[in-house]
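*Asks:* Below: one structure in structure tokens.
The values are calculated or read from the model by the stated rules, or taken from the named source; none is laboratory data. The structure presented is a predicted model; accordingly, all values stated were derived computationally and were not measured. Neighbour counts run over all protein chains shown; Cβ positions are idealised from the backbone, glycine included. All accessible areas refer to the heavy atoms of the entire protein, side chains included, with ligands and DNA or RNA removed. Shrake-Rupley method; radii C 1.70, N 1.55, O 1.52, S 1.80 Å.
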Amino acid sequence: MTTYLSGVQPSGKQHLGNYFGAIRQHVELSKEEGEHFFFIADYHALTTSRDAGELREHVREMLVTYLALGLDPEDAVVFRHSDVPEVCELTWLLACVTGMGLLERAHSYKDKKARGIKPNVGLFTYPILMAADILAYDSDVVPVGKDQVQHVEMAQDMCGYFNGFYGDVFVRPEARIPKDELFAKVPGVDGEKMSKSYGNDVWIFATGKPLKKAVARIVTDSRPPEEPKDPDELLPMQFLALFLSADELEDWRERVRRGGDGAPGYGHMKQRLVELIEDVFAPARARREELLADPGELERILARGAEAARARARATVDRAYRACGLR
Ligand code: TYM
């Protein structure tokens with residue numbers, strides 16, 4: 001049986017990149033045969049969060065987002081990272097077989113440093129925690145966006161180091177990213193990868209004026225609608241491609257290529273995009289409101305998830321303890 005595992009940081013507002021790159025896959029995979037573990041990475045969020053109340057709020061929001069988008073706790077173990085402290089024990093065991101050089105090569109760490117974020121030790125060593133998250137559940141497949149692939153490869157490396165010393169303790173995981181590059185790395189309103197920390201994101205549940213404002217920020221140029229253009233070069237067209245059916249997309253592309261009278265301008269594209277975001281997420285937005293009104297049920301879901309996830313991780317960590325001589 002295949003075991004699927006992934007995690008999402010509770011950032012407060014999950015964006016289109018989180019949805020198309022990861023959450024949508026998580027929901028779809030959870031309907032398939034296999035074992036499924038999906039968690040809210042609050043330990044990970046501590047590398048940047050400094051407000052306890054806000055972090056709790058964001059964890060609740062992340063759980064509600066998952067559930068509203070269709071993740072059913074009957075199909076998957078849905079849990080909070082910090083409810084499984086076993087992963088911190090495992091982090092130590094893995095840290096002791098991992099060279100500094102591996103962590104120094106991590107893109108996300110290098111990128112944050114280059115952007116002037118002063119790294120704490122947690123941020124530097126976090127790929128070890130992520131490897132522990134993955135290895136603790138004997139995960140075979142880790143569905144993520146492209147930006148997390150290197151971290152899954154690092155988990156493969158750590159799995160190899162530990163198994164090399166102590167025998168076949170851990171299962172080697174594989175990353176799974178959306179086939180289409182656009183979904184594996186969704187662009188932000190500035191054309192860079194969409195990311196909360198770059199401030200170029202669009203919240204999936206945005207609606208009305210705030211949504212229009214977010215979409216208006218998608219970068220365009222000053223060419224008029226009549227001028228024929230290559231649709232692949234236009235950022236608003238890339239956003240539309242996330243949502244449109246193949247037929248409607250081809251129709252837009254053709255009209256953009258042709259130009260002339262009646263060709264769509266950037267304003268049209270953005271208007272259609274606002275409609276699509278409003279419509280596609282409307283059922284989930286309504287469900288989100290219902291879920292937020294029932295905090296007791298949310299607590300019960302987390303408690304159930306914690307119990308199942310923890311039992312599983314404990315067994316793996318005990319196996320690792322025995323293998324390396326701690327028991
Ligand atoms: P996080 O919270 O940054 O992102 C959650 C998921 O969303 C994907 N994603 C994107 N996909 C496509 N385009 C984008 N612009 C985009 N932005 C984000 C990410 O690839 C990810 O799949 N380290 C993880 C959380 C984590 C984890 C784990 C994941 C902790 N432990 C173990 C898998 C397994 C993170 O920070 O994701």
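*Asks:* Answer with yes or no whether V78 is touching a residue at least 12 places away in the same chain (Cβ under 8 Å), surrounded by 24 or more Cβ atoms within 10 Å (Cβ to Cβ) and closer than 23 Å to K146 by Cα.
*Replies:* Against the criterion (touching a residue at least 12 places away in the same chain (Cβ under 8 Å), surrounded by 24 or more Cβ atoms within 10 Å (Cβ to Cβ) and closer than 23 Å to K146 by Cα), V78 qualifies.
*Asks:* Here's something else I'd like to know. With respect to D138, determine if the residue is among the charged types (D, E, K, R), at pLDDT 95 or above and more than 10 Å from the ligand (Cβ to nearest atom). Let's see the steps before the verdict.
*Replies:* Numbers: among the charged types (D, E, K, R): yes; at pLDDT 95 or above: yes; more than 10 Å from the ligand (Cβ to nearest atom): yes.
So D138 passes the test.
*Asks:* Here are the criteria: (1) within 14 Å of the ligand (Cβ to nearest atom); (2) surrounded by fewer than 18 Cβ atoms within 10 Å (Cβ to Cβ); (3) not aliphatic (A, V, I, L, M). Tell me which single one Y126 does not satisfy.
*Replies:* (2)
*Asks:* Right, here's the next one. Can you confirm whether M100 is away from the ligand (no atom under 13 Å from the Cβ), closer than 23 Å to A311 by Cα and either touching a residue at least 40 places away in the same chain (Cβ under 8 Å) or open to solvent by 30 Å² or more (accessible area, probe 1.4 Å) (or both)?
*Replies:* Details: away from the ligand (no atom under 13 Å from the Cβ): yes; closer than 23 Å to A311 by Cα: no; either touching a residue at least 40 places away in the same chain (Cβ under 8 Å) or open to solvent by 30 Å² or more (accessible area, probe 1.4 Å) (or both): yes.
In short, no.
*Asks:* Exactly one of (1) within 13 Å of the ligand (Cβ to nearest atom); (2) open to solvent by 20 Å² or more (accessible area, probe 1.4 Å); (3) β-branched (V, I, T); (4) under 22 Å from S195 (Cα atoms) is unmet by I117. Its number?
*Replies:* I117 satisfies every listed condition except (1).
*Asks:* Which pairs turn up if I take residues in segment 295-313 that are of a type in the set (A, V, I, L, M) and look for partners that are exposed (fewer than 14 other Cβ atoms within 10 Å of the Cβ) with beta carbon separation below 8 Å, at least 6 apart in sequence or on another chain?
*Replies:* Filtered contacts from segment 295-313: no entries.
*Asks:* Mind checking which pairs have a first residue in segment 193-217 that is over 24 Å from R287 (Cα atoms) and in contact (Cβ under 8 Å) with a residue 60 or more places away in the chain and a second that is among the charged types (D, E, K, R) and within 16 Å of the ligand (Cβ to nearest atom), Cβ under 6 Å, 6 or more apart or different chains?
*Replies:* K193/K185; M194/D201
*Asks:* I'd like to check something: does segment 183-194 contain any residue that is in a helix (DSSP H, G or I) and either within 8 Å of the ligand (Cβ to nearest atom) or in the same structural domain as S108 (by TED's automatic domain parsing) (or both)?
*Replies:* Yes - at least one qualifying residue is present in segment 183-194.
*Asks:* Look through L63, L5 and report the one residue that is surrounded by 21 or more Cβ atoms within 10 Å (Cβ to Cβ) and either within 22 Å of L182 (Cα to Cα) or more than 8 Å from the ligand (Cβ to nearest atom) (or both).
*Replies:* Going through L63, L5 in turn, just one is surrounded by 21 or more Cβ atoms within 10 Å (Cβ to Cβ) and either within 22 Å of L182 (Cα to Cα) or more than 8 Å from the ligand (Cβ to nearest atom) (or both): L63.
*Asks:* Further question on the same structure: Can you tell which of P178, P187, P173, P236 is under 24 Å from the mean Cα position of the chain (by Cα), closer than 30 Å to R322 by Cβ and open to solvent by less than 40 Å² (accessible area, probe 1.4 Å)?
*Replies:* P173
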